[in-house]
Amino acid sequence: MADDSEDRSRDLTDPISQRLGYDDTESLVAVKGHPIHAMSVAFPVALTFCLFGADVLYWWTGDAFWARAAIWAAGTGFLFGMLAGFSGTAELLLVSGIRSRAPAWTHFIIAVTLLALLGANWGHRLSGYEQAVLPYGILLSALCVIVVSFTGWHGGKLVFDYRLGTSKGK
């Protein structure tokens with residue numbers, strides 16, 4: 001009985017991994033082999049954390065400088081996130097080995113959610129950056145930090161575990 005189940009488990013194969021181009025995962029949106037998406041995501045990730053930090057410091061000190069810093073971090077993080085998103089979307093759609101993997105689509109959906117939250121956070125502050133911080137601005141910023149942590153972890157997993165978008169050393 002045990003031998004029968006072992007034989008069946010050895011016969012199981014992933015039908016998606018049998019597709020043509022499944023192993024083709026090297027970046028096409030790159031500069032001299034360096035993937036633009038991987039290089040550009042550091043800015044929106046860092047600015048999302050800076051946004052939350054500026055909100056906390058405004059809450060703690062009441063200094064308008066931190067509210068001004070937060071609106072700049074929100075706007076710049078959103079704009080750099082859009083640039084990183086364009087290159088990531090191009091990779092997803094152009095590279096068949098990336099496109100065929102479900103975790104790449106999960107990363108894409110979480111990242112688009114983050115961009116929507118960053119854009120809403122920035123838009124919320126445009127009519128009055130000091131009044132926007134408490135309570136909704138800081139809550140949106142905290143949510144952005146949680147979402148950027150998930151998408152960053154997921155993106156890192158795609159690169160380091162699945163080797164998506166990396167050079168194969170040819």
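For segment 37-53, give me the residue count where each residue is of a type in the set (A, V, I, L, M, F, W, C) and under 12 Å from Val145 (Cβ atoms). Please lay out each step first, then the result.
Filtering segment 37-53 for residues of a type in the set (A, V, I, L, M, F, W, C) gives 38-39, 41-43, 45-47, 49-52.
If we keep only those that are under 12 Å from Val145 (Cβ atoms) too, we end up with 45-47, 49-52.
Selection size over segment 37-53: 7.
In segment 52-75, what residues are among the hydroxyl-bearing types (Ser, Thr, Tyr) and farther than 17 Å from Ala142 by Cα? Show your work before the answer.
As a first pass, look at segment 52-75 and keep what is among the hydroxyl-bearing types (Ser, Thr, Tyr): 58, 61.
Residue satisfying the conditions is Thr61 alone.
Is there a residue being of a type outside the set (Ser, Thr, Tyr), in contact with a Lys or Arg (Cβ under 7 Å, 6 or more places away or on another chain) and over 30 Å from Ala30 (Cβ atoms) anywhere in segment 138-158?
Keep residues of segment 138-158 that are of a type outside the set (Ser, Thr, Tyr), which gives 138-140, 142-148, 150, 152-158.
Now restrict to residues that are in contact with a Lys or Arg (Cβ under 7 Å, 6 or more places away or on another chain): none.
Scanning segment 138-158, I find no residue that is of a type outside the set (Ser, Thr, Tyr), in contact with a Lys or Arg (Cβ under 7 Å, 6 or more places away or on another chain) and over 30 Å from Ala30 (Cβ atoms), so the answer is no.
Being of a type in the set (Val, Ile, Thr), free of Cβ contacts under 8 Å to residues at least 60 places away in the same chain and surrounded by fewer than 17 Cβ atoms within 10 Å (Cβ to Cβ), is that true of even one residue in segment 145-160?
Just the residues of segment 145-160 that are of a type in the set (Val, Ile, Thr), to begin with: 145-148, 151, 159.
In the following step, the residues that additionally are free of Cβ contacts under 8 Å to residues at least 60 places away in the same chain were identified as 146-147, 151.
So of that shortlist, the ones also surrounded by fewer than 17 Cβ atoms within 10 Å (Cβ to Cβ) come out as 146.
Looking for residues that are of a type in the set (Val, Ile, Thr), free of Cβ contacts under 8 Å to residues at least 60 places away in the same chain and surrounded by fewer than 17 Cβ atoms within 10 Å (Cβ to Cβ), one finds at least one in segment 145-160, hence yes.
Give the residue, chosen from Ala120, Ala70, that is in contact (Cβ under 8 Å) with a residue 24 or more places away in the chain and over 12 Å from the mean Cα position of the chain (by Cα).
Details: Ala120 fails: in contact (Cβ under 8 Å) with a residue 24 or more places away in the chain.
Residue meeting the stated conditions: Ala70.
For segment 78-131, give me each residue that is farther than 28 Å from Leu57 by Cβ and outside any helix (DSSP H, G or I).
The answer is Val95, Ser100, Arg101.
Here is a list of conditions, (1) more than 17 Å from His37 (Cα to Cα); (2) not in a loop (DSSP other than H, G, I, E, B), and Lys157 meets all of them except one; can you say which number that is?
(1)
When you look at Ser149, is it under 13 Å from the mean Cα position of the chain (by Cα), polar (S, T, N, Q) and farther than 30 Å from Trp59 by Cα, yes or no?
Numbers: under 13 Å from the mean Cα position of the chain (by Cα): yes; polar (S, T, N, Q): yes; farther than 30 Å from Trp59 by Cα: no.
Considered against the rule, which asks whether it is under 13 Å from the mean Cα position of the chain (by Cα), polar (S, T, N, Q) and farther than 30 Å from Trp59 by Cα, Ser149 comes out as no.
For segment 48-61, indicate whether the set of residues that are of a type in the set (Val, Ile, Thr), out of contact with any Ser or Thr (no Cβ under 9 Å at 6 or more places or on another chain) and at pLDDT 95 or above is non-empty.
Within segment 48-61, the subset of a type in the set (Val, Ile, Thr) is 48, 56, 61.
Filter again for out of contact with any Ser or Thr (no Cβ under 9 Å at 6 or more places or on another chain), leaving 61.
Still in the list and also at pLDDT 95 or above: 61.
Yes; the residues of segment 48-61 include at least one that is of a type in the set (Val, Ile, Thr), out of contact with any Ser or Thr (no Cβ under 9 Å at 6 or more places or on another chain) and at pLDDT 95 or above.
Would you check if there is a residue in segment 102-117 being surrounded by fewer than 23 Cβ atoms within 10 Å (Cβ to Cβ) and of a type in the set (S, T, N, Q)?
Yes - at least one qualifying residue is present in segment 102-117.
Which numbered condition trips up Ile98, out of (1) over 11 Å from the mean Cα position of the chain (by Cα); (2) at pLDDT 95 or above; (3) not small (Gly, Ala, Ser)?
Just one mismatch for Ile98, condition (2).
The values are calculated or read from the model by the stated rules, or taken from the named source; none is laboratory data. Keep in mind the model is a prediction, meaning the values are calculated, not measured. Counting neighbours? That spans all protein chains shown, and the Cβs are built from the backbone with ideal geometry, glycine included.
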